Amino acid sequence: MPDYGLTDEQKMMRESVLGLLQRVLPDEKVQQLDEAGEFPHEAYRTLAAEGWMALPFEEKYGGMNASYADLAIFIETIAYHWSGISSAYLTTVTLGGGHIKLYGNDEQKVEFIPRIISGEIKTAFSLTEPGAGSDAAAIQTRAERRGNEWVINGSKVYTTGAHVADYLVVATKTDPSAGHRGMTQFIVDTKQEGLTIRPLRQLGRRSVHTNEVFFQDVVVPARHMLGEENKGWHNLMLGLNLERLIIAATHCGNCQRIIDYVKGYALERKQFGQPITKFQAIAHKMADMQIMAEQARLITYKVAQMMDDGLRPVQETAMAKVIATENNVRIADHGMQIMGGAGYMMDHAMQMHYRDCRIGPIGGGSNEIQRTVIAKTMGL
């Protein structure tokens, strides 16, 4: 991957984590995990043992207090190796754990963050419901206070990583009559009585798949309410820039991975007595793929720098998410076409990259919603 503009420390981080993943997640292991739909437990534990879970957290809780640029480069790197391990990392560290970091109180941070860093626990973030996707304020999952406890009833869908999570950060309605002003989030123990998790079968990202989650009189201690009561919408908005940044960085890594994979194949594949890269139709597709990858990388790094400068780049993070995810899909489609029948076969990784990237324009706020956000920031 291009390293222009990276500090020496960032270059060392990239080299170190790639070497680590190449040892614990060789290509044949990735293929096995994808085909079996198994979570990459060994690689996850290794990342934790090497201290990488600490990256975004504050030093007072055992973290590294890394910059947004550091985090983007790290995520791009692990996604370059395999999007499955980046999803495993992101689900706990920057989604579930990210919400605790952003608006948890000191007691909650002391209770959960060191255990996330050590790899002792995994988390996931549960928002979407069967009747509330893009319209997040329409969620129906209800939390009612009973003394020093809250009782949750309802259901969620497409909760990534819930099947391996020890705790869920769950968005609920605590005042159903108040719309988005009546939302509150809770940290919920997945072993709690009345909570059921049902894995879903999906096209890609099979190792860290999504799940249905059902709550039937699930009791949560009041101390596990995140932030203030009925302030969940505001807190949710705080995490959107980070979520869009990490999604963009993930797809930047996958863009470059596909390019390098297809290039290796195309240089070896011969037709009419020469490598297919000698044909302009192929060479131009490869050139377009590299252009799209660099476009995605440039805006993603820009967004990370803006966030490090203390800005809240709402328009730019939405743009980064759109550009990186849609370019990833186009690059995967080009790669499939260049490899032809070989790319379509399950023995090659191209089909996995093709499947895995397609969730990008859908998840984390669909790209149609991102365009609506961009239009609003334009005053439209």
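For Lys376, the lysines whose Cα comes closer than 20 Å to its Cα, not counting residues fewer than 8 places off in the same chain, are Lys321. Restricting the chymotrypsin sites (Phe, Trp or Tyr not before Pro) of segment 189-288 to loop positions (DSSP other than H, G, I, E, B) with no more than 13 neighbouring Cβ atoms within 10 Å leaves Phe272.
Axis of helix 240-268 versus longest Cα principal axis of the chain: the two differ by about 20°, to the nearest ten degrees. Which of rounded, prolate, oblate describes segment 1-106, given a ≥ b ≥ c as roots of the alpha-carbon gyration tensor eigenvalues and a/c under 1.5 marking rounded, otherwise prolate only if a/b is larger than b/c? The shape class here is oblate. How far is helix 8-24 tilted, in degrees, relative to the longest principal axis of the Cα atoms in the chain, given as a value from 0 to 90 rounded to the nearest 10? For helix 8-24, the angle is close to 90 degrees. For Lys263, the lysines whose Cα falls under 17 Å of its own Cα, not counting residues fewer than eight places away in the same chain, are Lys278, Lys285. Rounded to the nearest 0.05, what FRET efficiency do Ala138 and Leu298 give with R0 = 35 Å and r taken as the Cβ-Cβ distance? Could you check? Once rounded, the FRET efficiency stands at 0.45. Of the accessible area of the chain, computed with a 1.4 Å probe over protein heavy atoms only, carbon and sulfur atoms account for 50 percent. Once you sort the root eigenvalues of the Cα gyration tensor of segment 114-205 as a ≥ b ≥ c, which label holds: rounded (a/c under 1.5), prolate (a/b larger than b/c) or oblate (the other case)? Oblate, because a/c is 1.5 or more while a/b does not exceed b/c.
The length gained by stretching the chain between Val219 and Arg23 to full extension, at 0.36 nm per residue less their Cα-Cα distance, is 66.3 nm. Would you mind classifying segment 52-173 by shape? Square roots of the alpha carbon gyration tensor eigenvalues, ordered a ≥ b ≥ c; an a/c under 1.5 is rounded, otherwise it is prolate if a/b is larger than b/c and oblate if not. In terms of gyration-tensor shape, oblate.
Among the listed pairs Lys101/Lys173; Lys29/Lys156; Lys109/Lys231, those with a Cα-Cα distance over 24 Å are Lys29/Lys156.
The values are calculated or read from the model by the stated rules, or taken from the named source; none is laboratory data. Source: prediction; values computed, not measured. Counting neighbours? That spans all protein chains shown, and the Cβs are built from the backbone with ideal geometry, glycine included. Just so you know, the surface numbers come from the protein's heavy atoms only, side chains and all, with ligands and any DNA or RNA stripped out. Shrake-Rupley method; radii C 1.70, N 1.55, O 1.52, S 1.80 Å.
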